[in-house]
Every structure is written in structure tokens, then in C-alpha cells.
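> This is the structure I have questions about; it appears just below.
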Protein chains: 2
Amino acid sequence: MSVEARPISDVRERVHDDARRARVAARILATCSTETKNRALHAAADSVLARVHDVLAANAADLDAARAAGTPDAMLDRLALDPQRVDGIAAGLRQVASLPDPVGEVLRGRTLPNGLRLRQQRVPLGVVGMVYEGRPNVTVDAFGLTLKSGNAALLRGSSSARRSNEALVLALRAALLAEGLPEDAVQLLPSADRASVTHLIQARGLVDVVIPRGGAGLIDAVVRDATVPTIETGVGNCHVFVHAAADLDVAERIVLNAKVRRPSVCNAAETLLVDAAIADHALPRLVAALQDAGVTVHLDPSEDDLRAEFLSMDIAVAVVDGVDGAIAHVDEYGTGHTEAIVTTDLAAAQRFTERVDAAAVMVNASTAFTDGEQFGFGAEIGISTQKLHARGPMGLPELTSTKWIVWGDGQIRPS
Amino acid sequence: MSVEARPISDVRERVHDDARRARVAARILATCSTETKNRALHAAADSVLARVHDVLAANAADLDAARAAGTPDAMLDRLALDPQRVDGIAAGLRQVASLPDPVGEVLRGRTLPNGLRLRQQRVPLGVVGMVYEGRPNVTVDAFGLTLKSGNAALLRGSSSARRSNEALVLALRAALLAEGLPEDAVQLLPSADRASVTHLIQARGLVDVVIPRGGAGLIDAVVRDATVPTIETGVGNCHVFVHAAADLDVAERIVLNAKVRRPSVCNAAETLLVDAAIADHALPRLVAALQDAGVTVHLDPSEDDLRAEFLSMDIAVAVVDGVDGAIAHVDEYGTGHTEAIVTTDLAAAQRFTERVDAAAVMVNASTAFTDGEQFGFGAEIGISTQKLHARGPMGLPELTSTKWIVWGDGQIRPS
């Protein structure tokens with residue numbers, strides 16, 4: 001009987017067993033040297049490349065099944081692997097190997113008047129659950145980042161990518177075994193139904209954190225039902241506000257880039273806000289530029305349009321009263337991801353950056369820059385839109401916790 | 001009709017209305033200068049002192065009701081205020097005024113190759129909910145720390161302290177108003193039943209974080225039912241492990257201090273672990289010392305004893321096999337708060353500090369040192385035992401989030 005066909009009660013047991021195995025692996029990873037982890041990352045890259053035919057065959061089977069199920073072309077493209085994409089996946093692992101290891105970094109330290117020596121040091125989180133959709137490359141990216149930060153990964157990918165993910169995880173586990181590391185540092189959970197997600201996000205005491213990566217529906221469901229701490233990622237209803245004092249050439253360039261560069265990503269702009277003071281001449285020009293680029297402009301947007309994360313060649317447009325009108329609009333409709341102002345007025349720029357409550361606020365720059373690689377992190381596991389723990393692009397340090405280590409020589413605390 | 005007598009559906013409305021008011025207040029506080037906040041903290045201290053008679057009368061009424069309900073003496077003592085304790089509460093506010101303001105601190109920053117100037121800056125969390133038991137001083141401490149960090153506080157105290165909390169919050173709000181700040185920076189939620197807790201922890205989108213402070217039952221309930229992000233605090237099943245190579249004078253001093261200094265606090269020791277290699281002579285000596293100090297020693301502890309956070313003059317004792325036996329025991333029974341080893345052996349100390357998974361690990365020092373004031377933070381809002389966001393004592397910086405602010409001059413991202 002395949003794992004996918006087991007009854008739900010068994011899925012719970014399976015997830016909990018996997019989590020227990022992950023804990024054992026995590027304990028070993030937590031004290032691995034950087035050198036050992038880097039060697040394993042290169043071995044994993046080699047292993048994926050050595051199994052490229054198996055991976056592509058599995059992916060072809062996933063694609064056949066998806067096509068038969070009538071999956072739209074855009075989603076097929078996200079699912080598809082080819083030799084070049086597999087090369088990119090392996091290169092990603094080598095890049096993570098080249099990044100600094102956050103574990104062991106001392107963040108704060110002092111000697112207290114009584115002689116106690118205190119230090120706060122980065123330690124791995126432990127067992128990191130990931131729930132994600134679509135692309136098989138996320139499987140390998142998540143493994144690389146969790147391993148480098150000393151964590152074990154419990155991966156729950158999309159059922160549409162099941163065969164691809166299985167082939168990739170097989171390659172990763174083989175590399176871990178060959179390097180003398182615990183295979184269970186990466187495990188793939190069953191993806192046939194939502195049960196494995198539910199059991200993962202409720203495995204309190206076994207799983208240290210769950211990071212959902214996907215659409216708003218997935219993330220809301222995970223956050224609502226989780227008892228394990230979660231980090232919300234990636235829902236971006238991002239705005240570009242063109243202020244009265246904007247340079248319209250700059251505004252046009254930024255709006256176009258923020259919308260059309262890659263409409264399907266979370267940092268793409270979904271609404272253009274235009275200052276009422278310049279709407280007469282700025283609006284027609286910006287709308288024409290967007291339409292010329294093939295964007296459907298929702299000029300008289302419904303409430304739903306204003307709330308939508310289109311992730312497509314659509315944009316809503318609204319006219320607002322100055323910088324405070326823009327801030328109020330973003331307060332109401334934004335998802336706390338990335339908000340941009342285009343202006344030559346310093347006071348307006350400062351007011352916008354101070355008052356807009358979002359992970360990233362841009363002045364005269366495209367929303368597309370909110371990204372771990374662009375920020376210089378080397379790689380990212382997602383973009384947090386919550387305020388606890390991490391906000392914005394999450395790199396390796398965001399996959400760690402801290403521990404206070406206190407050395408004394410017999411100190412006791414007075415009453 | 002008093003708030004406390006309203007039906008449950010109205011409690012939800014009341015909590016949501018309060019949360020909305022708190023959001024408005026939080027927006028104002030977020031951009032207040034440090035000077036303004038400090039002035040408000042001193043005004044709040046003055047206001048509490050000016051109303052000391054009202055506060056003590058309200059507290060006397062709470063105490064009468066608690067006595068009539070048969071509340072144990074230890075709990076009555078936690079609830080009781082006197083002029084000296086009120087002085088202490090006011091002094092606490094002035095001390096928070098003297099601490100550095102975390103808001104606006106730049107944590108990271110760089111100029112990217114394309115000229116974008118990036119900085120990551122501390123910002124307030126927004127609306128902070130606190131759910132706590134017993135002592136009325138927590139009401140004022142929580143207000144002081146949330147205000148200084150630019151947050152609005154929604155406080156849900158214990159019903160047993162309702163009158164005391166109301167009198168204190170009245171004094172705090174009067175001071176805010178007099179200083180031209182929004183009164184709704186601090187609000188007290190109804191405490192008649194659990195409904196207000198439920199609505200507070202499920203007010204997703206209105207409340208940014210909830211910090212439960214109290215016993216394991218309260219914290220478990222909050223974490224289980226919350227959809228708002230939470231920070232678990234303060235459940236401490238702390239161990240002192242006396243290693244084979246311990247100096248027994250040091251061991252005795254530390255075990256006694258960790259147990260009897262203040263048995264009711266979360267950093268008190270609850271289990272003594274003794275290395276099997278020295279149990280023959282060390283165990284009788286340590287047990288005798290504890291018994292002489294009035295501690296009930298559970299020498300043949302049940303599973304429940306080993307899991308218990310006694311918070312009383314009780315301690316469980318277990319014999320373990322060396323440092324790995326101690327680590328395994330702590331892994332099974334610890335709550336991730338504070339764990340201590342007593343040893344003269346460097347390798348054992350290092351192994352223990354590396355492998356024990358807790359907020360704080362002590363070498364030859366009492367568990368009682370895990371405390372914001374002891375660590376030099378000036379004040380603490382609680383001790384986090386979770387791994388996300390904050391771990392260990394939480395001071396002002398732990399009450400903030402961050403925001404990336406990016407300044408450009410028209411940069412767009414290449415495809």
C-alpha cells in the first residue's frame with residue numbers, strides 16, 4: 001500500500017514519526033561544523049546532477065498528469081523542469097554553501113558586575129516545516145537553506161509535483177548518507193490531501209516552526225489552524241504611489257517594471273495610486289503606458305479589485321488625496337509586503353516611509369527589489385509579511401533562534 | 001449595564017472596538033519622539049502616586065472579595081498592594097523612561113551596486129495584547145514597556161485584580177491625556193470570563209501580537225486557540241545538573257539558591273539531576289541541605305513530579321548517567337527555559353551548553369539569573385520560552401519589529 005493511499009489516521013502517525021526522525025537529525029545537524037554542512041551541500045548538488053534523468057522522467061510524469069487534469073499553461077510552466085533548470089537548482093545549493101554560516105554567531109555579550117559572562121548566540125531552530133505549492137525547485141532550495149542553518153526540513157510540497165519532489169529528495173538523501181549525515185535531515189511528507197498539512201502544523205513540540213509559501217488561501221489556512229509557530233510569507237498586494245511631485249518619467253519606468261517584469265511574483269505591483277493633484281495629466285499617461293505594455297488596467301476598480309493580488313497582467317488604479325490619502329489607502333488594502341512612493345519631495349518621501357506599515361517601503365524604486373538576492377542575502381526562503389521574528393526577505397539568519405549561554409564560577413542571586 | 005455583565009457577543013464587539021481604538025493610538029505612538037514618550041512615563045508615575053488612595057481602596061476591595069472566595073494566602077500576597085509597592089510601581093515607570101528607545105535603531109544597512117540605499121530599522125509592533133494573572137503591578141509594567149517601544153497595550157488581567165487594575169489604568173490614561181497622547185494607548189479588557197481572552201487572541205488583523213504571562217494552563221490555552229501571533233512566556237521546569245566533576249560546595253550553594261530563593265518564579269529549579277558517578281556521596285548531602293532549608297524532596301519522583309513546575313518548596317531528584325544522561329533527561333522533561341550544569345570539567349560544560357536546547361544555559365551559576373534586570377535589560381515584559389522572535393528575557397527591543405526602507409532615484413530591476 002502506498003503512503004498516499006493510507007487512511008487519515010495513519011497520515012497523522014506518519015507525520016509524527018517523520019517529525020520525530022527529523023528531531024533526531026536536527027540534534028546532530030545543530031552541532032555540525034560549517035565545513036561538514038558545505039561538503040554535504042556540494043554533494044547534494046552533485047547527486048541531483050547525477051540523477052538528472054530520473055528527475056526529468058519523474059517531472060515528465062507529473063507534467064503528463066497535470067496536462068491530463070487540464071492544468072493551465074502558466075502552472076505547467078512553473079512545474080516544468082529541463083536540464084538547464086536542474087543545473088540552476090544544483091547551482092543554488094553551491095551558492096548556499098558559499099554563504100556565511102549563521103550558527104554560532106554571537107549577537108550580544110557582556111560580563112555582569114558579579115562576574116557572570118553572558119553571551120547570546122545563534123542556534124538552529126530545529127525542525128522546520130515548509131508547506132508550498134508548485135515549483136519543484138523550492139524543495140531543493142528549502143533543503144539547502146535549512147541544512148546550512150543547521151535545521152532539519154519537513155517538506156510538504158504540492159501533489160502536482162509529487163514525483164519530481166520524490167526524485168529530488170531521493171537525490172538529496174543519498175548525498176547526506178554518503179557524507180555521513182542523517183538522511184532524515186530532509187523528508188517529504190505525503191501530499192495526497194490536506195491531512196498531512198493539518199498534522200504538520202499541529203505537531204506542537206515536534207516541529208519548531210512552519211513556513212507556508214504560496215497563495216493567500218494556503219497561508220490563511222495554515223495560520224488559522226496552526227498550533228506550531230508559523231511565519232507568514234509572500235502575499236503581496238503592493239502599491240506604487242505617484243505623488244504630486246513625482247518625476248513622471250521615473251514614475252512610468254517604475255510602475256511598468258513593478259507590474260510587467262514578472263507579474264506572478266509577490267513583489268509585483270497590483271495597484272497604482274495617483275495623487276489627485278496630478279491625476280489630470282499623469283493618469284492618462286501612466287494608463288497608456290501600462291496598456292501599451294499589455295496590462296489590463298482596472299480604471300474603475302471594485303472593492304475586490306483593490307484587495308486582489310492579481311499575480312497577472314492586471315492592475316487596479318485609484319486616485320488618492322496626497323501622501324496621507326495614499327497612506328490611508330495602503331493601510332486599508334495593503335498586505336504589509338512592499339509599498340513604493342515616487343516623488344521628488346523629501347517631506348512626502350519621509351512621511352510615506354515613516355507611516356506606511358509594511359515589510360519594505362521604497363522611495364523612487366521598483367517594488368521588485370524586495371527579494372533576498374537583491375538585498376544581498378544570497379538566497380531567501382521566503383518573504384515574511386508578519387511582524388514577529390522576521391519581516392521582509394528571509395535569509396539564513398532568519399532560520400535561526402538564539403540561546404543565552406552564561407558562564408559563572410558559583411554565582412548565586414541575592415534575595 | 002456594566003461591561004462585565006454583557007453577553008458574550010458584545011464582549012467580542014467590545015474587544016474589537018478596543019483593538020480598533022488601540023490601532024489608531026498605535027499609529028500616533030509609532031512616530032512619537034523619545035522625549036514625548038519619556039515625559040508621558042514620568043507623568044504616568046506622578047499620576048499613579050497622586051491616586052494612591054484610590055488604588056489602595058480598589059485593591060482592598062479586590063482583597064476582600066478574594067478572601068471571601070477563600071483565596072490562599074500566597075495568592076493574596078501576590079494581589080496585595082501597599083504604599084511601598086505603589087512607590088515601586090511608579091519607580092518602575094521612571095526606570096523605563098531612563099532606558100534607551102529601541103524605535104528607529106538601524107540594525108543593518110548597505111548601498112547596493114545599483115545605488116539603492118537599504119536600511120533595516122526598528123519599528124513598533126503596533127497593538128500588543130497581554131493576558132496575565134495575579135499581580136496588579138504587571139498592568140503598569142506592561143504599559144510602561146509597550147509605551148516606550150511605541151506600542152499600544154490591550155491588557156487582559158485577572159478578574160481577581162479587576163478593581164486594582166481599573167484604578168491603575170485610570171491613572172495611566174489620565175496622564176496620557178494630560179500629555180496630549182492618546183488615552184487608548186492603554187486599555188483594560190473585561191475580565192469576567194474567558195471570552196475576552198478568546199476574542200483578543202483571535203483578533204487577527206487588529207492585534208499584532210499577544211503575550212500570555214502566567215501558568216502553563218493559561219499559556220497552553222492561548223497558544224492553542226490564538227490566530228494572532230503569540231509569544232509564549234515563563235513556564236519553567238528548570239533543572240540543575242550536578243556533574244561527576246562538580247565542586248560540591250558550589251553545587252549545594254547553587255541548588256539551594258535556585259530552589260529556595262523565590263520558589264514561585266519561573267526560573268526556580270524544579271528538578272535536581274545528580275550524576276550516577278557521584279550519587280553515593282553527593283545525593284545525601286544535597287538532599288539534606290535542601291531538607292534543612294525546608295524543601296520537600298521527591299526522591300522517588302513520579303512521571304508527574306518530573307514534569308511538574310512546582311512553583312513551591314518542592315523539588316524532584318533524579319540520578320542520570322553523566323552529561324549525556326542529563327541532556328537526555330532535559331530533552332524529555334525540560335520546558336526550554338533555563339538549565340544549569342555544575343562542573344569543573346570544561347568538556348562537560350561545553351557539551352551541556354552546546355546540546356541543551358533552552359533559552360538559557362548556565363555553567364556554575366544559579367538558574368535564578370535568567371531575568372531581564374539581571375541580564376542588564378533594565379526591565380522585562382516576560383521570559384520567552386519559544387524559539388521565534390525572542391528567546392529568554394524580553395526587554396524593549398523584543399517589543400519591536402523591523403522595516404526595510406529603501407531609497408533610490410528611479411532604479412528598476414532587470415528581468
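> For A:Arg51, are the conditions met, namely being away from chain B (no Cβ under 14 Å), surrounded by 14 or more Cβ atoms within 10 Å (Cβ to Cβ) and of a type in the set (Lys, Arg)? Full working, then the answer.
Numbers: away from chain B (no Cβ under 14 Å): yes; surrounded by 14 or more Cβ atoms within 10 Å (Cβ to Cβ): yes; of a type in the set (Lys, Arg): yes.
So A:Arg51 fits the description; yes.
> Exactly one of (1) farther than 18 Å from A:Ala251 by Cα; (2) out of contact with any Cys (no Cβ under 8 Å at 6 or more places or on another chain); (3) at pLDDT 95 or above; (4) surrounded by 22 or more Cβ atoms within 10 Å (Cβ to Cβ) is unmet by A:Ile315. Its number?
Condition not satisfied by A:Ile315: (1).
> Given the condition over 17 Å from B:Val210 (Cα atoms) and small (Gly, Ala, Ser), answer yes or no: does some residue in region B:121-139 qualify?
Scanning region B:121-139 turns up at least one residue that is over 17 Å from B:Val210 (Cα atoms) and small (Gly, Ala, Ser).
> Also, quick follow-up: May I ask you to say which residue of B:Asp275, B:Asp249, B:Asp280 is closer than 20 Å to B:Val356 by Cβ and acidic (Asp, Glu)? Can you show your working first?
Values: B:Asp249 fails: closer than 20 Å to B:Val356 by Cβ; B:Asp280 fails: closer than 20 Å to B:Val356 by Cβ.
One residue alone meets the criteria, B:Asp275.
> Which residues, counting only those in region A:248-280, are out of contact with any helix residue (DSSP H, G or I) (no Cβ under 7 Å at 6 or more places or on another chain) and either of a type in the set (Val, Ile, Thr) or not assigned by TED's automatic domain parsing to the domain that holds A:Asp321 (or both)?
Hits for region A:248-280 are A:Val250, A:Ile254, A:Val260, A:Val265, A:Ile278.
Residue-by-condition table, conditions (1) touching a residue at least 60 places away in the same chain (Cβ under 8 Å); (2) assigned by TED's automatic domain parsing to the domain that holds A:Val320:
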{"residue": "A:Arg204", "(1), (2)": "no, no"}
{"residue": "A:Ala246", "(1), (2)": "yes, yes"}
{"residue": "A:Ala282", "(1), (2)": "no, yes"}
{"residue": "A:Val287", "(1), (2)": "no, yes"}
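Yes/no matrix, rows are residues, columns are (1) of a type in the set (A, V, I, L, M, F, W, C); (2) under 21 Å from A:Val228 (Cβ atoms):
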{"residue": "A:Ala97", "(1), (2)": "yes, no"}
{"residue": "A:Val103", "(1), (2)": "yes, no"}
{"residue": "A:Arg108", "(1), (2)": "no, no"}
{"residue": "A:Thr111", "(1), (2)": "no, no"}
{"residue": "A:Gly115", "(1), (2)": "no, no"}
{"residue": "A:Leu118", "(1), (2)": "yes, no"}
{"residue": "A:Val128", "(1), (2)": "yes, yes"}
{"residue": "A:Gly134", "(1), (2)": "no, no"}
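> Going through region A:260-278 one residue at a time, which ones are buried (at least 17 other Cβ atoms within 10 Å of the Cβ) and either within 11 Å of chain B (Cβ to nearest Cβ) or aliphatic (A, V, I, L, M) (or both)? Let's see the steps before the verdict.
Start the filter on region A:260-278 by keeping residues that are buried (at least 17 other Cβ atoms within 10 Å of the Cβ), which leaves A:260-261, A:263, A:266-275, A:278.
A:Val260, A:Arg261, A:Asn267, A:Ala268, A:Ala269, A:Leu272, A:Leu273, A:Val274, A:Ile278, listed by residue number.
> Another one. Please state which one of A:Phe352, A:Phe369, A:Phe375 is of a type in the set (Phe, Trp, Tyr) and closer than 21 Å to B:Cys32 by Cα. Walk me through how you get there before you give the answer.
Values: A:Phe369 fails: closer than 21 Å to B:Cys32 by Cα; A:Phe375 fails: closer than 21 Å to B:Cys32 by Cα.
Step by step, each of A:Phe352, A:Phe369, A:Phe375 is checked, and only A:Phe352 is of a type in the set (Phe, Trp, Tyr) and closer than 21 Å to B:Cys32 by Cα.
> Which residue out of B:Arg39, B:Arg78, B:Arg67 is more than 30 Å from A:Thr353 (Cβ to Cβ) and either at pLDDT 95 or above or not assigned by TED's automatic domain parsing to the domain that holds B:Gly157 (or both)? Before you say what the answer is, go through the steps one by one.
Numbers: B:Arg39 fails: more than 30 Å from A:Thr353 (Cβ to Cβ); B:Arg78 fails: either at pLDDT 95 or above or not assigned by TED's automatic domain parsing to the domain that holds B:Gly157 (or both).
Only one candidate passes the filter, namely B:Arg67.
> Based on what the data block shows, is B:Gly144 assigned by TED's automatic domain parsing to the domain that holds B:Arg213, in contact (Cβ under 8 Å) with a residue 12 or more places away in the chain and over 30 Å from B:Val24 (Cβ atoms)? Break it down into steps so the answer makes sense when it comes.
Working: assigned by TED's automatic domain parsing to the domain that holds B:Arg213: yes; in contact (Cβ under 8 Å) with a residue 12 or more places away in the chain: yes; over 30 Å from B:Val24 (Cβ atoms): no.
No.
> Can you name the strands (runs of 3 or more DSSP E) wholly within region A:308-402 that have at least 3 residues being within 11 Å of chain B (Cβ to nearest Cβ)?
On the way: elements: A:314-320, A:338-342, A:360-365, A:382-384, A:392-394.
In region A:308-402, A:338-342, A:360-365 are the strands (runs of 3 or more DSSP E) which contain 3 or more residues that are within 11 Å of chain B (Cβ to nearest Cβ).
> Within region B:39-62, track down each residue that is within 21 Å of B:Ser98 (Cβ to Cβ) and among the acidic types (Asp, Glu).
The one that is within 21 Å of B:Ser98 (Cβ to Cβ) and among the acidic types (Asp, Glu): B:Asp46.
> Taking the residues in region A:254-286 that are among the polar types (S, T, N, Q) and assigned to a loop (DSSP other than H, G, I, E, B) as candidates, determine which candidate is nearest to A:Thr367 (Cα to Cα). Break it down stepwise before answering.
Within region A:254-286, the subset among the polar types (S, T, N, Q) is A:257, A:264, A:267, A:271.
Pick out the ones that are also assigned to a loop (DSSP other than H, G, I, E, B) and you get A:264, A:267.
Working: A:Ser264: 13, A:Asn267: 6 Å.
So the residue we want is A:Asn267.
> For B:Ala185, indicate whether it is touching a helix residue (DSSP H, G or I) at 6+ places or on another chain (Cβ under 6 Å), in contact (Cβ under 8 Å) with a residue 40 or more places away in the chain and over 23 Å from A:Gln386 (Cβ atoms).
On the way: touching a helix residue (DSSP H, G or I) at 6+ places or on another chain (Cβ under 6 Å): yes; in contact (Cβ under 8 Å) with a residue 40 or more places away in the chain: yes; over 23 Å from A:Gln386 (Cβ atoms): no.
No, not satisfied.
> Checking the conditions here, which among A:Thr370, A:Thr343, A:Thr385 is over 28 Å from A:Val223 (Cα atoms) and surrounded by 22 or more Cβ atoms within 10 Å (Cβ to Cβ)? Working first, answer last.
Working: A:Thr370 fails: over 28 Å from A:Val223 (Cα atoms); A:Thr385 fails: over 28 Å from A:Val223 (Cα atoms).
Exactly one residue qualifies, and that residue is A:Thr343.
> Looking only at helices (runs of 4 or more DSSP H) that fall completely inside region A:2-98, which ones have 3 or more residues that are within 23 Å of the chain's Cα centre (by Cα)?
Details: elements: A:8-30, A:34-50, A:52-68, A:73-79, A:83-98.
Output list reads A:8-30, A:34-50, A:73-79, A:83-98.
> Can I ask one more? With the structure loaded, tell me whether A:Ala246 is crowded, with 17+ Cβ neighbours inside 10 Å, within 13 Å of another protein chain (Cβ to nearest Cβ), under 30 Å from B:Arg27 (Cα atoms) and modelled with pLDDT of 95 or more or whether it fails that test. Break it down into steps so the answer makes sense when it comes.
On the way: crowded, with 17+ Cβ neighbours inside 10 Å: yes; within 13 Å of another protein chain (Cβ to nearest Cβ): yes; under 30 Å from B:Arg27 (Cα atoms): yes; modelled with pLDDT of 95 or more: yes.
The answer is yes for A:Ala246.
The values are calculated or read from the model by the stated rules, or taken from the named source; none is laboratory data. It should be emphasised that the depicted structure is a prediction, and the values quoted were computed from it without experimental measurement. Cβ coordinates were reconstructed from backbone atoms using ideal geometry, including for glycine residues, and neighbour counts include every protein chain displayed.
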